[in-house]
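Right, one structure below, let's go through it.
The values are calculated or read from the model by the stated rules, or taken from the named source; none is laboratory data. Keep in mind that what you see is a predicted model, and the values were worked out from it rather than measured. Every residue, glycine as well, gets a Cβ built from its backbone with ideal geometry; the counts of neighbours run over all protein chains shown.
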Amino acid sequence: MPRQDRWTTSLIILACSIAGMTWAAAQSLHAFSITAAAIATLALSVLAYELYANAHAQQPPVDLRQAARSNAMLMALAYGWGGAAMLAVYMLTHLHWRHGWQYGSGMLLIALGLYVLARKLADPSSASPRQMETSAHLALSQGIAASISLVILAASGKLQTPKDDWAANHIFVAGGLAIVVISFLAFATHRRLSR
């Protein structure tokens with residue numbers, strides 16, 4: 001599938017996931033919400049893997065800056081999905097969680113920052129090798145932090161909460177898993193391309 005088509009397909013899947021989660025929240029259908037969130041995780045993870053594989057399959061291989069740009073765009077997409085899902089669920093349904101708009105807005109702000117970074121990386125003079133190395137290590141740190149956060153969330157028992165933040169937990173888990181996959185593949189891509 002051409003690269004642009006992969007991104008477009010992923011955007012459509014993520015939009016459907018948000019719509020599905022919003023409908024599930026309105027109907028209090030926990031299992032459907034989990035399924036809709038898992039579809040987003042799967043779509044983002046598949047796209048991350050395709051970008052990773054594509055970076056190495058091309059002859060000559062994709063350069064570090066182009067790979068970093070794609071990974072920044074993918075991370076922006078993951079945070080954007082999480083923010084949009086959070087705002088849709090807590091602003092368009094009967095569910096009430098006072099932190100919903102805060103987390104949703106925060107994730108959208110992070111997505112915007114990553115999008116600006118990706119646009120900046122389109123400029124060939126935008127990043128030095130040292131900056132690219134730092135960026136790769138930041139992605140690795142993000143993946144580790146997200147992994148730890150997911151373990152803490154699972155161990156806390158909050159995933160079984162009867163309160164209205166049950167939908168937020170689905171978003172946190174799905175988005176967290178996607179960020180783990182994207183971050184580790186971004187770091188792996190950097191390591192392979194910088195050899």
Taking the condition farther than 25 Å from Ile12 by Cβ and among the β-branched types (Val, Ile, Thr), does Thr134 pass?
-> yes
From (1) at pLDDT below 85; (2) under 17 Å from Val173 (Cα atoms); (3) not polar (S, T, N, Q), pick out the condition that doesn't hold for Pro129.
-> (2)
Is it true that Leu114 is over 18 Å from Thr9 (Cα atoms), more than 13 Å from the chain's Cα centre (by Cα) and at pLDDT 90 or above?
-> no
Gln160 is checked against (1) surrounded by 15 or more Cβ atoms within 10 Å (Cβ to Cβ); (2) farther than 20 Å from Leu42 by Cβ; (3) of a type outside the set (D, E, K, R); (4) free of Cβ contacts under 8 Å to residues at least 40 places away in the same chain and fails just one. What number does that condition carry?
-> (1)
